[in-house]
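Participant: Okay, handing you the structure first.
What follows draws every value from the coordinates through simple rules; no lab data is involved. Please read all numbers here as calculations on a predicted model, not as lab measurements. Cβ placement follows ideal geometry from the backbone for every residue including glycine, while neighbour counts extend to all protein chains displayed.
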Amino acid sequence: MRKPASIAPPKGKLGVLTPGMGAVSTTFMAGVELVRRGESVPVGSLTQMGTIRLGKRTEGRVPRIKDFVRLAELDDLVFGGWDVFPDDAYQAASKAGVLDMKDLAKAQKFLKTIRPMKAAFDQNYVKKLQGPNVKKGKNKFDLAEQLRQDIRDFKKKNKLDRLVMVWCASTEVFMKQEDVHKDLQSFEKAMKENHPAIAPSMLYAYAAISEGVPFANGAPNLTVDIPALEDFAREREVPIGGKDFKTGQTLLKTVLAPAFKARMLGLNGWFSTNILGNRDGEVLDDPGSFKTKEESKLGVLEYILQPKIYPELYGKIHHKVRINYYPPRGDNKEGWDNIDIFGWLGYPMQIKVDFLCRDSILAAPIVLDLALFFDLAKRAGMRGIQEWLSFYFKSPMCARELYPEHDLFIQSMKLKNTLRWMMGEDLITHLGAEYYD
Ligand SMILES: NC(=O)c1ccc[n+]([C@@H]2O[C@H](COP(=O)([O-])OP(=O)(O)OC[C@H]3O[C@@H](n4cnc5c(N)ncnc54)[C@H](O)[C@@H]3O)[C@@H](O)[C@H]2O)c1
């Protein structure tokens, strides 16, 4: 990655487009509106509440991140999206049932103005979903061209300076990289031939990159994680990233597992189960979509614990992940973890974690941070995969010769050091030897 020579200021309006206007997306939009009206606080958002230490500890320089790097102001954000259902953002948020009626009522007028554009959708990729607000086209390439036109129209109509796209739509069925994903020429040919290896999410990513719009993938689908689109993004100087927002159970996993490894405590097994009752839960009830999520959730331990390097500690881990659709819980997921660890002389111990979380409440600030940081990356001329934003993802994309970094604290350090590097500040190593000479 080249160091930015300069960073263009965030002048004018920034459009935030979300394929999918369901629970996560509408909770994000409503929340930003309440915050900018001074009715609430952006808890969970690093860009709004986080600080960054600069220089030595003795210097006392700790600006807010948003004052250190210039990010788009919340007042300058304009929202748009696509969905399979024609509900406006108020109706969609009411059905999702994340926010209570009091908060929804405050944002009602605003949310009603946000209506979804017709989706590029195919039920073969999300089996449990069917809706009427769907585009028709000659072939997949034609659908991508329609999405490009939507992007241009949205930009013009709202007099926007810049745009970003964050995938907040349902999880698609599990797919592996195929030959048609290897370069842009094969990919475009496959779109024209309606090849099954081209999922709808790839059409949005292709349309975004073609229009110079950064693309972040909040779901575990393959989408932009293929050589054809990675190369295309570099060529067009567009930042891309993913996959899958790191919100509840995996957030805790990537905090606990590094602690065990740091102390050389062994692990025999980790059983993670979830019950949730929102539409995401219903979609994940289909084995194809569940497999995509499962792969994303399973990868984490393997990379953090490095069983090949520590065979006595992590060579025989039983790692299981289950997601059960249980409608009474709605968006309020319960994630249970049973962790079997062992210590000195191999004596076993158990840890139980029961996280009664709110899925979309955890995801909404991530959408905001990704939108603002991807816009920053674009203004700084940083193209292709933005590995420094792995902090936000369960299954982070990285350069082909690397393995992904999952440890939350390494990710956090990487993110902040990247901001320091972009702004020409010293990187922080936490050495501090000079104080003890
Ligand atoms: N909430 C979390 O904690 C969390 C964490 C990680 C990932 N995610 C992922 O984020 C995504 C959104 O979650 P949610 O809870 O908002 O789900 P949701 O079901 O409430 O919303 C998804 C919306 O996407 C729409 N959709 C599906 N395919 C589409 C397409 N091709 N084009 C346009 N719209 C389409 C659906 O109609 C639905 O309204 C899911 O993929 C989920 O797995 C959520």
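Participant: Quick one: if the Förster radius is 35 Å, what FRET efficiency do Glu193 and Gln91 give, using the C-beta to C-beta distance and rounding to 0.05?
Facilitator: After rounding, the FRET efficiency stands at 0.40.
Participant: Taking the beta-carbon count within 10 Å as an exposure proxy, list Met49, Met382 from fewest neighbours to most. Numbers along the way, then the final one.
Facilitator: Working: Met49 14, Met382 23.
The fewest-first ordering by Cβ neighbours comes to Met49, Met382.
Participant: Which cross-chain or sequence-distant (5 or more) residues have an amide H under 5 Å from the amide H of Phe79, H modelled 1.01 Å from N in plane?
Facilitator: Val16
Participant: Any idea which of Pro214, Phe187, Thr254 is furthest toward the positive side of the dipole for segment 167-274, if Lys and Arg beta-carbons carry +1 and Asp and Glu beta-carbons -1?
Facilitator: Thr254
Participant: Apply 1/(1 + (r/R0)^6) to the Cβ-Cβ distance of Gln123 and Lys102, taking R0 = 45 Å, and write down the FRET efficiency to the nearest 0.05.
Facilitator: Taking R0 as 45 Å, the efficiency between Gln123 and Lys102 is 0.80.
Participant: Okay, next question. What list of ³J(HN,Hα) couplings, whole Hz, do you get for segment 302-311 from phi and the Karplus terms 6.51, -1.76, 1.60, once you set θ to phi - 60° and write x for glycine and proline?
Facilitator: Karplus values, whole Hz, x for Gly and Pro: 3, 6, 6, 8, 6, x, 5, 7, 10, x.
Participant: Can you bin every Cα-Cα distance in segment 266-377 into 10 Å intervals starting at zero and give me the percent of pairs per bin, rounded to whole numbers?
Facilitator: Bin by bin from 0 Å, the calculated values are 13, 33, 31, 20, 3, 0.
Participant: For a quick check: sort Cys398, Cys357 by the number of other beta carbons within 10 angstrom, fewest at the front. Spell out each step's value before the answer.
Facilitator: Values: Cys398 14, Cys357 19.
Ordered by Cβ neighbours within 10 Å, fewest first: Cys398, Cys357.
Participant: Stick to the Cα atoms of the chain, pair each with every other, and give me the Kirkwood hydrodynamic radius in Å at one decimal.
Facilitator: Roughly 22.5 Å, rounded to one decimal.
Participant: Can you give me the orientation-averaged projected area of the convex hull built on the Cα atoms of segment 62-195, in nm²? Walk me through the numbers before you get to the answer.
Facilitator: On the way: hull surface 47.9 nm².
Across all orientations, segment 62-195 yields a mean hull projection of 12.0 nm².
Participant: Could you rank the peptides 205-214, 240-249 by their average count of other C-beta atoms within 10 Å per residue, with the highest value first?
Facilitator: Packing order, densest peptide first, comes out as 240-249, 205-214.
Participant: Something else about it: Treating cross-link reach as a plain straight distance, find the lysines whose alpha-carbon is under 23 Å from the alpha-carbon of Lys102, omitting any fewer than eight places away in the same chain.
Facilitator: Straight-distance partners of Lys102: Lys112, Lys333.
Participant: Here's a follow-up. Of all trypsin sites (Lys or Arg not before Pro) in segment 150-199, which ones are in loop regions per DSSP and have a Cβ with at most 13 other Cβ atoms within 10 Å?
Facilitator: Sites meeting the loop and neighbour criteria: Lys159, Lys176.
Participant: Would you mind getting me the FRET efficiency between Ile410 and Asp437? Use the beta-carbon distance for r and R0 = 35 Å, nearest 0.05.
Facilitator: Efficiency, rounded to the nearest 0.05: 0.75.
Participant: Using θ = phi - 60° and the Karplus curve 6.51 cos²θ - 1.76 cosθ + 1.60, what whole-Hz ³J(HN,Hα) does each residue of segment 400-410 get, with Gly and Pro shown as x?
Facilitator: Values per residue, Gly and Pro as x: 4, 7, 9, 9, x, 9, 9, 4, 4, 7, 5 Hz.
Participant: Another question, then. For segment 29-60, list residues with backbone N below 15 Å from a point placed 7 Å from the Cα of Thr429 toward its Cβ?
Facilitator: 55-57
Participant: Then there's this: With θ set to phi - 60° and the Karplus curve 6.51 cos²θ - 1.76 cosθ + 1.60, what are the ³J(HN,Hα) couplings of segment 353-369 in order, to the nearest whole Hz, using x for Gly and Pro?
Facilitator: 10, 10, 9, 8, 10, 10, 3, 6, 5, 6, 7, 4, x, 5, 4, 4, 4
Participant: Turning to a different aspect of this structure: Just rank Tyr303, Tyr403, fewest to most, by other beta-carbon atoms within 10 angstrom.
Facilitator: So the ranking, lowest neighbour count to highest, is Tyr403, Tyr303.
Participant: Which trypsin sites (Lys or Arg not before Pro) in segment 304-413 sit in a loop by DSSP (not H, G, I, E or B) and have at most 15 other Cβ atoms within 10 Å of their own Cβ?
Facilitator: Lys308, Lys316, Arg400
Participant: Let me ask another. Amide H of Ile385 versus every other amide H placed in the peptide plane: which residues, excluding those fewer than 5 positions away on the same chain, fall under 5 Å?
Facilitator: Distant-sequence amide H within range of Ile385: Ile240.
Participant: Moving on to the next point. Once you've got the GNM for the chain with C-alpha springs shorter than 10 Å, pick whichever of Gly330, Gly288, Gly60 has the biggest mean-square fluctuation.
Facilitator: Residue with maximal mean-square fluctuation among Gly330, Gly288, Gly60: Gly60.
Participant: Divide the volume of the convex hull of the Cα atoms of segment 1-143 by its number of residues and quote the answer in cubic angstrom per residue. Walk me through the numbers on the way to the answer.
Facilitator: On the way: hull volume 27.3 nm³, N = 143.
Roughly 191 Å³ of hull volume per residue.
Participant: Based on C-alpha coordinates, I'd like the Rg and Dmax of segment 310-351, in Å.
Facilitator: Cα-based Rg and Dmax for segment 310-351 come out at 15.3, 45 Å.
Participant: Can you tell which of Gly269, Tyr347, Ser296 lies farthest toward the positive end of the dipole of segment 252-356, using +1 and -1 charges on the Cβ of basic and acidic side chains (Lys, Arg; Asp, Glu)?
Facilitator: About the Cα centre, the residue reaching furthest to the positive side is Tyr347.
Participant: Taking the Cα centre as origin and putting +1 on Lys and Arg beta-carbons and -1 on Asp and Glu beta-carbons, what dipole magnitude results for the chain, to the nearest 20 debye?
Facilitator: Computed charge dipole of the chain: roughly 780 debye.
Participant: Among the listed pairs Lys253/Lys293; Lys243/Lys378; Lys13/Lys140, which have their C-alpha atoms separated by more than 21 angstrom in this model?
Facilitator: Lys13/Lys140
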